[in-house]
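Student: First the structure, then my questions, so here it is.
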């Protein structure tokens with residue numbers, strides 16, 4: 001876009017700078033430079049215009065348009081209808097010049113040089129991020145993308161639903177990122193304007209309500225804070241049929257220096273202020289994505305592949321992503337080496353070869369120029385959008401593993417690299433590894449007290465102490481301590497997958513099953529391609545009695561994995577034990593490195609319920625020999641932990657499952673006492 005909103009933040013001034021202004025938010029409209037509305041003859045023609053504007057490079061295949069907007073029509077009739085719609089667009093946009101629409105080799109391109117378009121204007125305003133910019137963005141946001149354009153075609157309706165969610169989520173994430181750098185008292189106006197914009201876009205966005213409540217409380221405006229809570233309560237009940245989190249209500253009490261908001265925390269020097277030190281911004285590995293616009297056969301699959309790769313990498317929130325095309329010149333992306341640092345900078349290329357109906361994917365280390373992998377997606381073999389999504393998952397997994405594995409070497413200096421090392425230790429599932437991870441997390445917090453995942457990591461360690469290693473600690477953490485750490489993580493960054501997932505587990509141990517279920521679902525939504533996340537969510541849902549959903553997520557996680565780590569078999573076993581599929585649960589635990597009495601009890605209980613008594617006897621004999629559990633724990637420790645394990649049977653919300661689980665503790669006690 002060539003729209004220059006730096007000089008003209010007001011809508012009327014923006015419109016006068018270009019021959020045409022296109023509104024796609026709310027009721028779609030086109031205006032000339034004098035503010036006179038130009039009529040686009042049909043909804044379908046306007047929808048095509050918006051679809052092409054949203055496409056990469058503002059270029060799409062004509063066949064793709066025919067399939068999307070006339071999905072039930074014969075091809076010949078669909079092509080004819082498309083020609084008519086394109087004539088309607090040309091007539092409407094003729095003030096922008098004869099070259100505004102270009103067709104070549106079966107593709108359609110719309111030049112945006114002479115168009116002012118509301119969505120990119122808002123994105124630029126949010127990126128600049130002053131109070132005036134957020135106020136201008138509020139003026140420009142008149143409603144959902146292509147409001148009232150439902151029912152044009154079933155295929156288009158599906159695209160529109162996803163696109164609206166994508167736009168709204170992206171805008172919200174960008175605004176919250178701006179708030180990460182805000183501090184009081186200087187930024188009070190900016191914080192308030194940003195939150196008002198967020199609530200204009202999504203009136204039920206609880207995070208925005210929370211930040212406003214905190215802001216009003218910090219400024220001593222208790223009445224405004226109370227009114228804001230009432231607004232939050234009303235909007236969530238009306239739009240979501242839900243109640244605000246208890247945390248939101250508790251904000252009215254202030255919360256002292258522990259009060260935190262998304263990226264905003266209470267200053268120890270000024271408990272009533274909200275601030276953040278700019279030096280605390282967390283740096284991440286950088287990945288530039290360079291995708292050449294697709295053409296020829298299979299372009300729809302190519303676009304799905306590209307979009308799913310970007311969405312998948314974005315969902316991990318572990319990388320700073322850049323679209324390399326933004327820095328292109330006419331000769332294409334110019335590769336240059338960059339200064340090497342610990343986190344790394346990488347380039348991901350996706351290039352379309354029309355002649356072979358393939359996409360070449362190449363991942364490079366920009367610090368060294370090394371090609372880390374090169375892959376080929378053949379659309380003659382990878383059929384349809386489903387196949388493209390599977391290929392995208394494989395690419396995302398390889399990229400993530402390559403980038404993160406570089407950060408696991410000893411001597412890490414940056415907070416994110418240290419976090420990656422701590423997280424790897426947490427997945428080892430041993431009390432010794434947890435103690436090493438805890439030391440790293442405490443190091444991070446010494447310099448980055450607002451690093452949200454450090455709190456989630458601490459809560460994860462506490463959860464394992466309570467559930468899996470009660471014999472290894474002198475004093476077990478109380479459920480409210482665990483919930484506090486988890487809530488701090490979510491308050492600092494509600495978009496991080498691990499924060500929501502650990503919050504769910506903490507709520508479950510605190511006997512808050514409904515809130516736990518909601519947080520598990522949020523975690524699954526935020527990290528759909530993270531097999532570890534999905535499997536942990538599946539296990540939690542199994543404990544909550546959401547059996548079919550748990551099994552569905554377990555299958556999805558299993559399919560995402562190229563190789564299954566042994567520790568994951570215990571997760572799967574808990575899902576299938578909850579589903580009363582005891583043979584499967586016992587078989588999974590046979591493959592797992594059982595490191596806790598809880599896991600041993602589940603295995604014995606599964607074997608008993610499956611009628612495999614002799615195998616249960618053998619498992620108990622291994623306890624006596626000291627070989628049943630991988631960590632160092634004697635028979636007295638096993639007996640001691642059995643008492644804690646019995647109380648943890650309450651994790652299973654289904655009474656029948658609790659009874660089946662306790663069969664395991666009773667059996668072990670009868671043999672080893």
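Student: So is residue 148 under 25 Å from the mean Cα position of the chain (by Cα) and exposed (fewer than 14 other Cβ atoms within 10 Å of the Cβ) or not?
Tutor: No, not satisfied.
Student: Taking into account only those residues within the range 506-517 that are touching a residue at least 12 places away in the same chain (Cβ under 8 Å) and in a helix (DSSP H, G or I), which is farthest from the chain's Cα centre (by Cα)?
Tutor: Across the range 506-517, the extreme among qualifying residues is 509.
Student: Also, quick follow-up: Any chance the range 108-120 includes a residue that's more than 25 Å from residue 42 (Cβ to Cβ), part of a loop (DSSP other than H, G, I, E, B) and modelled with pLDDT under 85?
Tutor: yes
Student: Where residues in the range 12-29 are touching a helix residue (DSSP H, G or I) at 6+ places or on another chain (Cβ under 6 Å) and modelled with pLDDT of 85 or more, which of them is surrounded by the fewest Cβ atoms within 10 Å (Cβ to Cβ)?
Tutor: 25
Student: Shifting gears a bit: Can you report the number of residues in the range 461-480 which are farther than 19 Å from residue 649 by Cα and modelled with pLDDT of 90 or more?
Tutor: 1
Student: Looking at the range 244-274 only, could you name the residues that are modelled with pLDDT of 50 or more and either over 15 Å from residue 205 (Cβ atoms) or part of a helix (DSSP H, G or I) (or both)?
Tutor: Listed by number, the residues that qualify are 246, 247, 248, 249, 250, 251, 252, 253, 254.
Student: Another question about this same structure. Of the residues 164, 142, only one is in contact with a strand residue (DSSP E or B) (Cβ under 6 Å, 6 or more places away or on another chain) and not in a helix (DSSP H, G or I); which?
Tutor: Answer to the check: 142.
Student: Mind listing whichever residues of the range 167-202 are over 21 Å from residue 123 (Cβ atoms), assigned to a loop (DSSP other than H, G, I, E, B) and in contact (Cβ under 8 Å) with a residue 24 or more places away in the chain?
Tutor: Once the filter is applied, which keeps residues that are over 21 Å from residue 123 (Cβ atoms), assigned to a loop (DSSP other than H, G, I, E, B) and in contact (Cβ under 8 Å) with a residue 24 or more places away in the chain, the range 167-202 yields 183, 184, 185.
The values are calculated or read from the model by the stated rules, or taken from the named source; none is laboratory data. What you see is a predicted model; the values in this text were computed from it and never measured. Neighbour counts are summed over all protein chains in view; Cβ atoms, including those assigned to glycine, are modelled from backbone coordinates with ideal geometry.
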